[in-house]
Each structure stands twice: as C-alpha cells, then as structure tokens.
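Asks: Once you've had a glance at the structure underneath, I'll fire off some questions.
The values are calculated or read from the model by the stated rules, or taken from the named source; none is laboratory data. From a predicted model like this one, the values you see are computed outputs, not experimental measurements. Positions of Cβ are backbone-derived with ideal geometry, glycine not excepted, and every protein chain shown enters the neighbour counts. Surface areas here come from the heavy atoms of the whole protein model, side chains and all, with no ligands, DNA or RNA. Shrake-Rupley method; radii C 1.70, N 1.55, O 1.52, S 1.80 Å.
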Amino acid sequence: ANLYGIKNGCKEFYQSVRVFLTEDFNAMKTYPHEINWCTIAECWNNEWWVKTERNGFRITLGIGKPYAAASDLNFILNAENAGQKEVWSGNNTTIKVPVGKWFTMEYYFKEGNKETGRFWMAITPDNGPKQVVFDIHNFTHNTQDHSPNGVTGFNPMKLYTSKELVNHIKSKGKTLQVYWDDFKLWKNKQPE
C-alpha cells in the first residue's frame with residue numbers, strides 16, 4: 001500500500017492492522033546471514049527521491065534475524081536521514097515475530113526532535129497479551145530540518161527485501177506471503 005504526496009503531511013497518527021505471516025516465513029530462520037532488511041512498513045517525512053527534497057527522512061519497520069546461525073525472527077526498526085544515513089535503530093530480540101498465526105500490529109508516530117519525536121509499536125497475538133515492541137523517543141524527521149512538514153509518504157503495508165533472501169526462500173520451495181486485514185488509521189489517538 002503506497003500513499004505518496006500527502007498534502008499538509010501527517011504530524012501524528014496511529015495505525016492498526018491484523019497480520020498473518022505464512023508458515024513459509026520459518027524458512028527465513030535458516031538464512032545463513034543476519035537479516036537486517038525485510039520491510040513491512042515505512043513512513044517518509046519528505047521522500048528523498050524527489051529532486052527538490054533535501055530534508056528526506058524515513059522510518060522503516062521490518063522483520064529481522066539477529067544472527068547468521070539459525071535463529072528466531074524479531075522486529076527491527078530504523079530511522080534514516082536522506083542518503084540512508086542512520087539516525088537511530090531498534091532491534092527487539094526478546095519479542096519473537098509470530099509466524100503461522102494472526103496478530104494485531106499497532107504503531108504510533110509523532111513528528112518531533114530528539115525530545116519530542118516518538119515511534120511506538122505493539123503486537124497482540126490472537127488469544128495473547130499485548131506486547132510493546134518499541135517505544136522510541138527520538139527524531140522522527142530529518143535532523144537538519146528546522147521546519148518539518150509531517151509524513152508525506154506512507155507504506156502502511158509492505159513486503160520488500162533483498163534478492164538474496166528471496167533466492168534463499170525459493171531454494172527451500174517456499175514463498176514469502178503476508179495477509180493483511182482490518183486496517184485502521186487514526187489522527188487523534190495515542191498509545192494507551
């Protein structure tokens with residue numbers, strides 16, 4: 001789902017979506033390298049591929065694997081200024097990515113600087129408790145932008161990764177498939 005050219009930018013929003021990762025995602029656990037790129041959502045504060053934009057910024061939410069050895073999947077998060085210059089990252093290896101079962105994924109974005117910016121994310125597996133995965137208080141716009149204008153591009157549901165990872169999955173006779181349902185978006189809601 002691609003939403004670009006959002007007029008007046010979103011400075012604060014809350015999203016909820018139900019997610020199901022098929023059992024084939026288990027093949028990612030045997031990928032012989034760390035996984036630090038399997039995007040499932042992105043927020044763009046000024047898409048940096050626009051020629052007139054110098055203050056691009058992106059927050060990427062993904063699925064990762066912390067070790068080259070076989071290991072569980074976890075959620076990864078990072079924020080970058082234009083040119084893919086990392087500003088901060090999050091890597092929660094405690095909460096495992098549910099595979100083969102539905103879960104609700106919620107996240108909250110608030111534009112701000114190191115003190116006022118926030119990105120919060122939680123999952124609730126069906127028949128399980130809500131688990132806060134990330135609660136980052138840091139820049140959510142380009143660190144050099146003194147008059148940020150909110151999220152202007154948004155990929156609330158995405159699956160984007162490297163050809164090497166795709167080739168590994170294919171070599172196991174598997175595919176990466178994500179089912180999404182019950183997408184909701186609020187402007188005036190915050191984490192409880």
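Asks: Could you please state how large a percent of the accessible area of the chain is carbon and sulfur, counting protein chains only and using a 1.4 Å probe?
Replies: On the way: 4640 of 9790 Å².
On the chain, the fraction of accessible area on carbon and sulfur atoms equals 47 percent.
Asks: Let me ask something additional. Taking the C-alpha atoms of the stretch 72-159, how large are the radius of gyration and the largest Cα-Cα span, Dmax, in Å?
Replies: 14.4, 44
Asks: Now for a separate question. So with the 1.4 Å probe, I'd like the accessible area per residue for the stretch 27-107, rounded to whole Å². Please report the intermediate quantities before stating the final value.
Replies: Details: 3570 Å² over 81 residues.
Ligands and nucleic acids excluded, the figure is 44 Å² per residue.
Asks: Return the FRET efficiency for the residue pair residue 4, residue 114: r is the Cβ-Cβ distance, R0 is 22 Å, and the value is rounded to the nearest 0.05.
Replies: Working: r = 27 Å, r/R0 = 1.22.
Calculated transfer efficiency: 0.25.
Asks: A follow-up question, please. Only Cα pairs under 8 Å and at least 6 apart count here; give the relative contact order of the stretch 1-134 as a rounded whole percent.
Replies: Numbers: 275 pairs, mean separation 31.6, N = 134.
After rounding, I find 24 percent.
Asks: Also, I was wondering about something else. Suppose R0 equals 22 Å; then what is the FRET efficiency for residue 159 and residue 84 from their Cβ-Cβ distance, rounded to the nearest 0.05? If you can, show how the numbers build up before the last one.
Replies: On the way: r = 20 Å, r/R0 = 0.89.
Efficiency for this residue pair is about 0.65.
Asks: For the stretch 16-62, place one equal point scatterer on every Cα, skip the solvent, and apply the Debye formula. What is log10 of I(q)/I(0) at q = 0.19 Å⁻¹?
Replies: Scattering profile of the stretch 16-62, log10 relative to I(0): -0.78.
Asks: Amide H of residue 35 versus every other amide H placed in the peptide plane: which residues, excluding those fewer than 5 positions away on the same chain, fall under 5 Å?
Replies: When sequence neighbours closer than 5 places are left aside, the close amide H contacts are 65, 67.
Asks: Could you tell me how far the Cα centroid of the stretch 49-93 sits from the Cα centroid of the stretch 102-126, in Å?
Replies: Centre-to-centre distance over Cα atoms comes out at 15 Å.
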